[in-house]
Each structure stands twice: as C-alpha cells, then as structure tokens.
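Worksheet: the structure to be examined is printed underneath.
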Amino acid sequence: DGSWELFLQPVASSFHVRVGEKVVYKNRKRYIAHDWLKMPASGMNRNEAVNYTQWLSASGRLLGAHLCDEYEWERAARGGDDREFPHGNELDGSEANIDESHEKNETLVGPDEVGSHSQSRSPFSVDDMAGNVNEWVVSVLENEAAVIRSGGFFYTPITARSTNRSVVSAAMKDPAIGFRVCARLSQKG
C-alpha cells in the first residue's frame, strides 16, 4: 500500500513492523517499546552511508553533509578532556545500550530510539556515541580502510569506549552498524 515497514533481526529475535507500530522487546525489563522511525539508521554498508550523506549535501537538505571522519567523531564523543566514554570514565548497562543493559541475553538486545540513554550524552550534547550501534567513519589512519567506532547493543562496555575503532569490510551490512552525519558550519573557505 506504499507505506514504510521495517524488517529487523538484531541477533536472536526478529521484528516486522509498519509505520505507526513500535518495535517491542517483549521480555525486557526496561526500554521495551520503541518507535523504529526514531532508531538509528543501520544495516547499510559503508558506501551506502557515504552515498546518503552525499545526497543530503547535494539535495540542499544539509549542505556539507559527510560521513564523520575519526577526528570529528572522537572529538564529539570525548570532548576536550580525554574521557574514556562520552559522559565520563566508566560505563555500565544502565547508561548506554550495551550487552549489560539486557542481561547479555541475545533475545533481548537490539537498537533503541536515539537519545533513550541520556545518561551517556557527550560533552557536546550528542547522544548514543557509546552503545546502541557502531558507526561508520572515514579513516584518518589508513586511506581506504573501512572503520567503525564505538560499540553496539550486543557488545561489552570496553567496545563502547570513545577510542575504540575496528577495521571491517566496507561491504559489511549489520543491524549493529549505523552512521552519523557531520556537516561543516560554513561552506566558505
């Protein structure tokens, strides 16, 4: 009928929802129901993420939009004081969507709405830079390397450290990998 729908299989559970319906993690104790239109965009490979940001810029919707590079991403996550996580130097499952959030139970894990875990907001008021989904970034160390930063809903707190980076296949598509859009403040100079 032309309406949008989502098919999602984070790990062991699967969901099929239409616009107006929520993703419901039935056996969770908290963060049970989510509007999937407010969840992070995930499940696309690196080239698809890059193409989307290029379209955003070219369409005029967000001039200068691009996939964040590692320096941009890490600065937004850590601020200026070298903290380990966006909100401080320790992280547990009550502060971000990581494996500990839902008893390390693979039937309960999956993405949450962006901003659900405001306790781990960065110094620049950026949400979900620890946990929820890993994020594609442009590598600053290896020219063509496909790099993801942070950690996701199925990973331990150590992977959600702001310094965590993993080189993976650019073709990888996974519901635990999304991306963040960066843009320049000015198009001049």
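Overview of values
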item: Checking Ala130 against (1) of a type in the set (Gly, Ala, Ser); (2) touching a residue at least 40 places away in the same chain (Cβ under 8 Å); (3) on the phi > 0 side of the Ramachandran plot, the condition it does not meet; result: (3)
item: Residue in segment 118-127 that is in a helix (DSSP H, G or I), in contact with a strand residue (DSSP E or B) (Cβ under 8 Å, 6 or more places away or on another chain) and farther than 24 Å from Lys26 by Cα present; result: yes
item: Those residues of segment 124-154 which are open to solvent by 50 Å² or more (accessible area, probe 1.4 Å), at pLDDT below 95 and more than 20 Å from Asp82 (Cβ to Cβ), in sequence order; result: Glu142, Asn143, Glu144, Phe154
item: Condition broken by Glu5, with the remaining ones in (1) acidic (Asp, Glu); (2) farther than 17 Å from Asn97 by Cβ; (3) touching a residue at least 24 places away in the same chain (Cβ under 8 Å) satisfied; result: (3)
item: Where Gly2 falls short, out of the listed (1) at pLDDT 95 or above; (2) over 26 Å from Cys68 (Cβ atoms); result: (1)
item: So Asn51, is it free of Cβ contacts under 8 Å to residues at least 40 places away in the same chain, open to solvent by 60 Å² or more (accessible area, probe 1.4 Å) and outside any loop (DSSP other than H, G, I, E, B); result: yes
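The values are calculated or read from the model by the stated rules, or taken from the named source; none is laboratory data. Values in this document were obtained by computation on a predicted structure and should not be read as measured data. Cβ sites come from the backbone with ideal geometry, for glycine too, and all protein chains shown count toward neighbours. Only protein heavy atoms, including side chains, enter the accessible area calculation; ligands, DNA and RNA are left aside. Shrake-Rupley method; radii C 1.70, N 1.55, O 1.52, S 1.80 Å.
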